[in-house]
Amino acid sequence: MELKEKMLASFMAFEEKIDIQSELHEVRSNAIKNFENKGFPTKKEEAWKYTSLNAILKNDFSVFPKKENTIEFKDVKKYFLHEIDTYKVVFIDGIFSSFLSSTTHDGLDVCLMSSALTKPKYKMAIDSYFNQIASKEESLTSLNTAFSLEGAYINIPKSKVVEKPIEIIYFSTGTEAALMVQPRNLVIVGENAHVQIVERHQSLNSNPVLTNSVTEIFAQKRAIVDYYKIQNDVQTANLIDNTYIAQKQESRVAVHTFSFGGNITRNNLNFYHQGERIDSTLKGVTLIGDKQHVDHYTLVQHATPNCESHQNYKTILNESATGVFNGKIFVEKEAQKTDAFQQNNNILIGDKATINAKPQLEIFADDIKCSHGCTIGQLDESAMFYMQQRGIPKKEAKALLMYAFTSEVTNSIKIPELKAKIARIIADKLGVNMGFDL
């Protein structure tokens, strides 16, 4: 049975487990119909022109884990920001782990999507926010919506400054021969509130995993959101990450995406402006080798005046790795005084490495400042020679240049412990000891 048919059949079994009288029944039904009509995306679609899912879809994925698994903290400690105290929302094979989680909080509303979707106390929030900005047309988002049940629900009240970062971590144990999981996150940040969130998907062995994740983030007036995605999985893990962000007046949202591991990774990142004087930041570092594939697809929709957006993506490709960057800035007629910047720099250090870059500007306003730039090249030979002449071995010189290349993004990380962790990962990927405790 092909995976599409398996998903359609599994939806019927899924509906038997939930309340079909729920108001979400129609939402899920419409979503599965859209997926049935469109199926999994193919390279025939312009947005997926350089990324094929065919090899992934041949796996016989289990859709529902057969049993609940447990993990000892000592075995996964390295994946957390254990140097500091954090709130933790942890899932194992798509199931919430109360043992690894730490959601005790002061004035925060951090719980499970399964609770938020079913309990009356959350009805107003779910009616107002759930599936409001997630695409109704994109097939993989629709597939997630159809099966939406578990994930993280985070609601930060008005004027609350969250003192500790919130970590959302999804572990896959590999007890299934192949597993597909579809987490759904909903993040609501109230007026003048501030939160830092770190998200990670991590496999614990080499059995194939396909994660189809959807996150909706709502930043209210003057809210500040710093969201960090760490993608450093094993080479049999596949991730489709769909993130949708709506910003109100004077809000500031920054998303940093660090793609270091996995087989195929696709990041769909969409920003929607719904007020004036908004600031949106999209930054990323991709450092991969072998036959790994990372695809960044970004959209910033400037619909209101006096707003800014800043995109900066750095990519280093070794061996036969493939990178894709498709960044789109859309400026509507009403969005006068827009200031939008987009930069994508790529270094190919592998003879068979490939990058496909497509920066896009669609501008319908006349009083704006927009720019985009894209570079593709290799390491500066003269800089390499200069460093070697001063006694730095070639391997270390090469690593230092690549590390410096990524620093423009890593320097903007606002959590010092996370900044150090990313630095260690980059140094480890470059194969050198640059003074960090690896």
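The values are calculated or read from the model by the stated rules, or taken from the named source; none is laboratory data. Everything quoted here is computed from the prediction, not taken from an experiment. Every residue, glycine as well, gets a Cβ built from its backbone with ideal geometry; the counts of neighbours run over all protein chains shown. All accessible areas refer to the heavy atoms of the entire protein, side chains included, with ligands and DNA or RNA removed. Shrake-Rupley method; radii C 1.70, N 1.55, O 1.52, S 1.80 Å.
Taking the criterion of being assigned to a loop (DSSP other than H, G, I, E, B) and either in contact with a Phe, Trp or Tyr (Cβ under 8 Å, 6 or more places away or on another chain) or of a type outside the set (S, T, N, Q) (or both), the residues of the range 196-219 that qualify are Leu204, Pro208. Checking each residue in the range 364-405 for being within 23 Å of Leu287 (Cα to Cα) and acidic (Asp, Glu) picks out Asp380, Glu381, Glu396.
The single condition among (1) modelled with pLDDT of 95 or more; (2) open to solvent by 10 Å² or more (accessible area, probe 1.4 Å) that Asn205 does not meet is (1). Note on the range 62-106: residues that are out of contact with any strand residue (DSSP E or B) (no Cβ under 8 Å at 6 or more places or on another chain) and small (Gly, Ala, Ser) total 1. For first residues located in the range 153-175 and in contact (Cβ under 8 Å) with a residue 40 or more places away in the chain, partners that are polar (S, T, N, Q) and in a loop (DSSP other than H, G, I, E, B) and lie 6+ apart or on another chain with Cβ distances below 6 Å form the pairs Lys164/Thr86; Pro165/Thr86; Glu167/Thr86; Thr173/Asn69; Thr175/Asn69. For Lys221, indicate whether it is in contact with a Gly (Cβ under 6 Å, 6 or more places away or on another chain), over 17 Å from His293 (Cα atoms), at pLDDT 95 or above and open to solvent by 10 Å² or more (accessible area, probe 1.4 Å). No.
Identify the residue in the range 203-213 that is in contact with a Ser or Thr (Cβ under 7 Å, 6 or more places away or on another chain) and of a type outside the set (A, V, I, L, M, F, W, C) and, among all such residues, is nearest to Leu140 (Cα to Cα). Per the criteria, the residue is Pro208.
Comparison of Glu191, Glu250, Glu163 shows that the only residue that is modelled with pLDDT under 95 and outside any strand (DSSP E or B) is Glu163.
Scanning the range 110-137 for residues that are under 23 Å from Glu36 (Cβ atoms) and surrounded by 19 or more Cβ atoms within 10 Å (Cβ to Cβ) yields Leu117, Phe130, Asn131, Ala134. In this structure, Gly323 qualifies as under 30 Å from Asn263 (Cα atoms) and of a type in the set (Gly, Ala, Ser). Only residues that are closer than 29 Å to Phe330 by Cα and open to solvent by less than 40 Å² (accessible area, probe 1.4 Å) were counted across the range 361-384, and they come to 4. When restricted to residues that are of a type in the set (A, V, I, L, M), out of contact with any strand residue (DSSP E or B) (no Cβ under 6 Å at 6 or more places or on another chain) and crowded, with 24+ Cβ neighbours inside 10 Å, the range 144-171 contains 1.
None of Gln311, Gln336 is of a type outside the set (Ser, Thr, Tyr), under 21 Å from Ser280 (Cα atoms), surrounded by 15 or more Cβ atoms within 10 Å (Cβ to Cβ) and out of contact with any strand residue (DSSP E or B) (no Cβ under 7 Å at 6 or more places or on another chain) except Gln336.
Where residues in the range 399-419 are touching a residue at least 40 places away in the same chain (Cβ under 8 Å) and in a helix (DSSP H, G or I), which of them is most open to solvent (accessible area, probe 1.4 Å)? Per the stated criteria, the residue is Glu408. Thr286 meets the stated requirement of being modelled with pLDDT of 95 or more and closer than 18 Å to Leu379 by Cα. Is there a residue being more than 29 Å from Asp428 (Cβ to Cβ), open to solvent by less than 10 Å² (accessible area, probe 1.4 Å), in contact with a Pro (Cβ under 8 Å, 6 or more places away or on another chain) and not small (Gly, Ala, Ser) anywhere in the range 244-263? No, the conditions are met nowhere in the range 244-263.
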